[in-house]
Every structure is written in structure tokens, then in C-alpha cells.
Amino acid sequence: MLLRHTTDKITERSALTINPAKTCQPVGAMYAALGVHGCLPHSHGSQGCCSYHRTALTRHFKEPVMAATSSFTEGSSVFGGQANLLQAVSTIFTIYQPDIIAVHTTCLSETIGDDVNQILQKTRDDKLVPPGKHVVHCNTPSYVGSHVTGYSNMVAGFINYFPQKTGKKINQINIISGWVEPSDMREIRNLATAMDVKIVLLPDTSDVLDTPMTGKHEIFPKGGTTIPEMVSMGNSRSTIALGPFCSEDAAIKLENKCKVKFTTLELPIGLKATDRFITALSRAANVSVPDSITDDRGRLIDMITDMHKYLYGKRVALFGDPDTLTPLVEFLITLDMKPVYVVSGTPGKRFEAAMDSILKPAVPEAKYMNGQRADMFLLHQWIKQESVDLLIGNTYGKYIARDENIPFVRLGFPIMDRVGHSYFPTLGYKGAMHLLTNMLGAIMDKMDREAVEEKFELVM
Ligand code: SF4
């Protein structure tokens with residue numbers, strides 16, 4: 001019992017988070033920056049922060065994550081990091097030759113009050129940025145928000161710098177992707193291709209963090225949204241922002257800057273959210289939905305129908321990012337399961353409103369919370385008070401799953417002890433089938449493991 005000290009007695013806490021259901025802002029900024037082709041993320045702070053962010057991403061994706069740092073020492077911590085950043089920009093363009101350096105701040109540089117916008121203007125004025133190359137930035141003070149906020153800020157940062165409105169519309173749709181796996185980003189592109197819709201997907205980490213083994217290391221793999229694609233977003237017909245917490249700020253900035261109208265949707269996780277995404281994309285591009293997608297939908301419904309008896313009424317606890325949890329809760333309710341406990345470390349009233357409207361009417365006994373006090377300790381205490389049949393969340397949930405003997409499905413960030421998340425999508429109808437397979441597998445494995453001999457069935 002690794003968590004033997006967790007009790008079911010909940011004490012009011014005002015200033016303590018135990019095992020937070022989130023990580024720090026720059027991790028998100030770094031992940032978003034990796035989804036742009038030829039972009040090197042740069043952490044403006046100490047080496048330790050950058051190492052942690054790179055490690056978190058490397059452990060999850062099992063790929064070497066490249067990023068640079070301003071390498072603050074005692075001097076820069078007191079007097080500011082301008083000299084370090086000027087030197088870094090010059091050195092990085094000389095040695096690593098990226099197309100873009102995407103600078104994000106850290107707790108340290110934010111506390112000092114470094115004006116990164118001004119410092120980057122100085123890099124341009126001092127001709128440290130070669131012609132055709134770019135430095136962009138966003139602010140990611142990690143004492144507010146979470147990795148989700150950092151991701152959102154970095155995507156919005158790219159929108160601040162690149163899209164241009166020329167007045168000549170292009171027959172394409174922008175899709176601003178929330179924080180999903182490279183496999184999910186590939187699935188979004190596959191769905192658009194099947195519908196014959198030209199899209200610009202920003203960011204796009206497919207072919208960056210799920211690259212094939214070729215025996216040759218590339219600092220800048222072939223994937224990622226290109227600079228011309230980002231520039232062209234200002235002339236697109238419209239924008240679909242997938243996942244409000246991660247993508248809506250960027251969509252608003254693009255509308256304000258280039259007058260490209262946007263629609264915000266939940267991530268297409270599960271049946272209904274995928275229906276809404278496919279409908280929105282077909283309307284935006286004025287195309288019909290092809291049979292191949294309708295058939296995938298039909299296969300998902302067939303699978304749900306076949307396996308419904310194993311899912312009905314099962315109590316589920318979930319933790320993770322709000323953009324993932326909201327459509328996932330809706331999907332579980334569609335399956336007649338009961339998402340009874342939901343926590344997210346990412347603050348924001350929108351999550352509570354979404355749970356109020358989706359979860360409350362279907363599962364009135366459900367408990368949900370987000371923000372700093374919505375940690376995994378609280379989730380475990382709720383589970384101790386009344387247990388669940390399934391736990392869904394990132395790797396850190398394995399301790400609760402083990403202590404309480406609960407089937408566990410790994411979903412979200414980070415997953416450090418299993419593989420497959422980068423390669424098999426969760427989005428779309430196919431992704432929903434994959435998710436359903438994982439949930440059923442976990443539930444049925446426990447049934448098999450604990451069945452008495454006369455109830456141990458070959459056919460289930
Ligand atoms: S100091 Fe701040 S930015 Fe650095 S790793 Fe910790 S939370 Fe993240």
C-alpha cells in the first residue's frame with residue numbers, strides 16, 4: 001500500500017496541493033512549439049526547468065525532445081536574463097539553424113520581470129536573427145494555470161506572429177488542435193483528407209514525436225505546421241478550435257487579427273463529440289460526409305451495442321485535462337456508465353459549467369472539481385469513501401489503481417510506463433473504438449482474474 005496514509009476523511013485545505021493533476025506551463029508551451037516545422041523551443045530560465053520539461057516530454061513520447069535554455073545563473077537571476085537570451089539567439093541560429101526559435105518564460109524569468117518582447121525586438125534590431133528566420137514568444141508563468149495554459153499561450157503566440165490577411169480567400173479550413181497525441185493529430189488530418197477538405201492544422205506533432213526509426217537523427221523532423229501554412233491561416237475560410245482550454249484563445253486572436261470566423265468545439269472524443277466535429281467540418285467546407293466515415297461510425301455503434309452489458313452502470317473516476325475530460329465524460333454517459341468522480345488541476349470556470357450541464361443531469365451523485373485543490377489526493381479520498389469500477393487518467397493513477405484494486409486505463413499526459421498512446425488515436429470514431437477496447441479490456445481482465453472457477457468463462 002504505497003498510499004496507505006490516504007484516509008477517507010476529507011479535511012478542508014486552503015493552501016496545500018497533494019499530487020497535483022497537472023504539470024507546469026512551459027511543458028505545454030514546449031509541446032506546442034514542437035508541432036511547428038523547424039522550430040526549436042527555448043526555455044528562458046534556468047537549466048533545471050528546461051531539463052525537467054524535456055524529460056517530461058521525452059518520457060511520454062519515447063523520443064528525444066530538443067530544446068534550448070537561457071541557462072540562468074545567480075547573476076541573471078538577480079539582474080535579468082537579457083544578455084543570456086541575446087547570446088542564446090545568436091548561438092542557436094549559428095549552430096542549430098532552426099527556422100524559428102519559440103521562446104517561453106519560466107517562473108524565474110517571470111518573477112524577475114524580464115520583458116521578453118523587448119529583448120526579442122533587440123535581437124531583430126541587432127541583426128541576430130538571420131533573414132527568413134524568426135523568433136516568437138509567449139509568457140508562461142507556472143505559478144498560475146497548468147501545462148494546458150502554456151500550450152494555449154504558445155499556440156496563441158504563433159498566431160500573434162505569423163498569419164497574414166491579404167484579402168484573397170483560400171479554400172481551406174484552419175483547425176487549431178488542443179493538446180492531443182501525434183496519432184490524434186494524424187487522425188484529424190486523415191478525417192479531413194477522407195472528406196476532401198484542405199486544412200491547416202496548428203500545431204501538428206505527427207511526424208515529429210512519432211517518427212519512424214531510420215537510423216539517422218534529425219533535429220527537425222519532417223512533420224509540423226510550416227511557416228507558409230501559418231501565414232496562410234489569415235486567408236482561410238474559417239477556423240475550428242478543438243478543445244476550448246487549449247485552442248480558443250488562438251482562434252480569438254486570429255479572428256481579431258485577420259477576421260477569420262471561428263467555431264469552438266470539444267475535442268472529438270467519443271460518439272457525440274466526433275459527430276459534432278464531422279458536421280462542423282462538412283458545413284465549414286461545404287462537403288458531404290463520405291461513406292468511409294459513416295461506416296466507421298456504424299462500427300463504433302455496433303461495438304457499443306455488443307458490449308453494453310459490461311459497461312452499463314459502471315462507476316468511473318477520471319482525472320486529467322479539461323479538454324479531454326469534458327467529451328470523455330459525455331462519452332461515458334453515452335455508454336450508460338457513471339462518471340462519479342472527475343478532477344482536473346487546470347483552473348477555469350468553463351470546466352465546472354461543462355460538468356454542470358453534461359454530468360449533473362445524468363449522474364446527480366457525481367463529484368467534480370478543478371483548480372489547485374482538485375488533486376489526486378482528493379480523488380483518492382473520494383474513491384476510499386465509495387469505490388469505482390474503472391479509473392482513467394495518466395500514469396500517476398497507477399498508485400491509486402494498485403492500492404484500491406481498480407482497473408486502470410491510461411489516458412492523458414504523462415504516460416511514462418506504457419507505449420501505444422502516441423501511435424493509436426483516441427479522437428474520432430476509430431479513436432473511440434480504441435478507447436472502448438482499452439476500457440473493456442481493463443474491466444474484463446479484472447472479471448477474469450477474480451472469477452471463481454465455475455464462473456470463469458471462455459466466451460464473454
Ligand atoms: S520552476 Fe516553474 S517553470 Fe521551472 S520547472 Fe518549476 S514550475 Fe516549471
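The values are calculated or read from the model by the stated rules, or taken from the named source; none is laboratory data. Please read these numbers as outputs of a predicted model, since none were measured by experiment. Ideal geometry is used to build each Cβ from the backbone, glycine not excepted, and the neighbour counts take in all protein chains shown. Accessible surface areas use protein heavy atoms only, side chains included; no ligands, DNA or RNA. Shrake-Rupley method; radii C 1.70, N 1.55, O 1.52, S 1.80 Å.
Assorted remarks:
- Sequence ranges 199-209, 285-295, ranked by mean other-Cβ count within 10 angstrom, highest first: 199-209, 285-295
- For Tyr368, the residues whose modelled amide H falls within less than 5 Å of its own, excluding neighbours fewer than 5 places apart on the same chain, are Val342.
- Taken over the C-alpha atoms, region 81-165 has Rg and Dmax values of 13.1, 36 angstrom.
- MRE, 222 nm, helices only [DSSP H, n ≥ 4, -39500 (n - 2.57), over the chain, to nearest 500]: -14500 deg cm²/dmol
- Electrostatic bookkeeping for Thr94 treats Lys and Arg as +1 and Asp and Glu as -1; over the other residues with beta carbon under 15 Å from its beta carbon, the sum is 0.
- Normalising by residue count, region 382-460 has a Cα convex hull of 126 Å³ per residue.
- Near Thr264, the amide H atoms lying under 5 Å from its own belong to Ala241; only residues 5 or more places off or on other chains count, and H is placed 1.01 Å from N.
- Put the Cα centre of region 403-429 next to the Cα centre of region 351-377 and the gap is 21 Å.
- Comparing Cα centroids, region 221-264 and region 32-66 end up 23 angstrom apart.
- Rounded to whole Å, sorted largest first: equivalent-ellipsoid semi-axes of the chain, Cα gyration tensor: 38, 28, 19
- Here each label is just a point 7 Å from Cα along the line to Cβ, and for Val289 and Ile301 those points are 0.9 nm apart.
- Share of alpha-carbon pairs per 5 Å distance bin for region 1-137, given as whole %: 2, 9, 18, 19, 17, 11, 8, 5, 4, 3, 2, 1, 0
- Annotation: average projected area of region 323-460 is 9.5 square nanometres, based on the convex hull of Cα atoms across all directions.
- Loop-located trypsin sites (Lys or Arg not before Pro) in region 200-252 whose Cβ has at most 14 other Cβ within 10 Å (DSSP): Lys216, Lys222
- Here the 3J(HN,Hα) profile of region 302-319, calculated from phi with Karplus coefficients 6.51, -1.76 and 1.60 at θ = phi - 60°, is 4, 5, 4, 4, 4, 9, 4, 5, 7, 9, 3, x, 5, 7, 10, 10, 9, 8 Hz, Gly and Pro shown as x.
- The listed residues His44, His137, His217, once ranked by accessible area (1.4 Å probe) with the largest placed first, stand as His217, His137, His44.
- Compared with the dominant Cα axis of the chain, that is its longest principal axis, helix 47-61 is turned about 50°.
- Computed 3J(HN,Hα) for region 257-270, one whole-Hz value per residue from the Karplus formula 6.51 cos²θ - 1.76 cosθ + 1.60 where θ = phi - 60°, is 7, 10, 6, 9, 5, 9, 10, 9, 10, 5, 4, x, 9, x, glycine and proline marked x.
- For Lys272, the accessible surface of its heavy atoms amounts to roughly 100 Å² (probe 1.4 Å, protein chains only, rounded to the nearest 10).
- Prolate/oblate/rounded call for region 230-363, Cα gyration tensor, a/c under 1.5 rounded: oblate
- Between 0 and 90°, nearest 10: helix 271-285 axis offset from the chain longest Cα axis: 40
- With the simple model of a label 7 Å out from the Cα in the direction of the Cβ, Asp356 to Arg4 spans 4.3 nm.
- For Gly178, residues with placed amide H under 5 Å, excluding near neighbours: Leu242
- Computed from Cα positions, the angle between helix 428-450 and the longest principal axis of the chain comes to roughly 50 degrees.
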